[in-house]
1. If you plug each phi of the stretch 36-45 into the Karplus form 6.51 cos²θ - 1.76 cosθ + 1.60 with θ = phi - 60°, what whole-Hz ³J(HN,Hα) values come out, in order, with x for Gly and Pro?
2. Given a Förster radius of 30 Å and the C-beta distance between LEU80 and ALA35 as r, what FRET efficiency does 1/(1 + (r/R0)^6) yield to the nearest 0.05?
3. Hey, how many Å between the Cα centroid of the stretch 94-119 and the Cα centroid of the stretch 11-52?
4. Given charges of +1 on the Cβ of Lys and Arg and -1 on the Cβ of Asp and Glu, with all other atoms neutral, how large is the dipole of the stretch 19-142 about its Cα centre, in debye to the nearest 20?
5. With θ taken as phi - 60° and the coefficients 6.51, -1.76 and 1.60, list the Karplus ³J(HN,Hα) couplings across the stretch 77-83 in order, rounded to whole Hz; mark glycine and proline as x.
6. Any chance you could get the radius of gyration and Dmax over the Cα atoms of the chain, in Å?
7. Can you give the FRET efficiency to the nearest 0.05 for LEU127 and PHE69, using r as the Cβ-Cβ distance and R₀ = 22 Å?
8. Scan around GLY86 for amide H atoms under 5 Å from its own, H built in the peptide plane at 1.01 Å from N, and keep only partners 5 or more places away or cross-chain.
Amino acid sequence: MPSVLTAAAPALAWSLLLSGAVVILSLVPLGAGRASADFTPADLAAPRAMFERLPAWGKRASWAHQNSFEAFSLHAPACLLALQAGAGGSLLVAAALLQPLLRLAYIGAYVANVPLLRSLCWAGALLCTATLYLEGLRAVLAH
């Protein structure tokens, strides 16, 4: 099925780009945690082995970083499906642009140890991704 670009295409492309950027930005608190745990060049041989030396917030930063990859691996195909299927509408645009913002807030809430906010950001971002899948599927079935 050929791609049909809609007015939502820029929002979907930005969502994909910004979601990838969130994964990269999740390295910042992780790097800070490693720095506070006296990361040395010798740790490059096995950076995950130093996990136990991380402070509590550094461990949460590591978990947030890992979760960022998981969220991106779900969100990227949703963006691509909606883009390829020619999905559109204000709900889709809102969900596409809100997801990376919620994921960024999720990282901050995780590192700062604010579990309720972290959980709300996680659930909200997942709901945004689900919306993209549903709207993409709706567009495919409409063709």
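1. Ordered by residue, 3J(HN,Hα) equals 6, 9, 6, 4, 10, x, 5, 5, 5, 5 Hz.
2. Working: r = 36 Å, r/R0 = 1.19.
That pair, LEU80 with ALA35, gives E of 0.25.
3. Going from one Cα centre to the other spans 17 Å.
4. Numbers: 8 positive and 5 negative charges, 27 e Å.
Charge dipole, the stretch 19-142, about its Cα centre: 140 debye, nearest 20.
5. With the stated coefficients, the stretch 77-83 comes to x, 5, 4, 5, 4, 5, 5 Hz.
6. Reported Rg and Dmax, both Å: 17.5, 57.
7. E(calc), rounded to 0.05, equals 0.70.
8. Close amide H contacts, sequence-distant or interchain: VAL4.
Throughout, read-outs are computed from the coordinates displayed, never taken from laboratory work. The structure presented is a predicted model; accordingly, all values stated were derived computationally and were not measured. Neighbour counts are summed over all protein chains in view; Cβ atoms, including those assigned to glycine, are modelled from backbone coordinates with ideal geometry.
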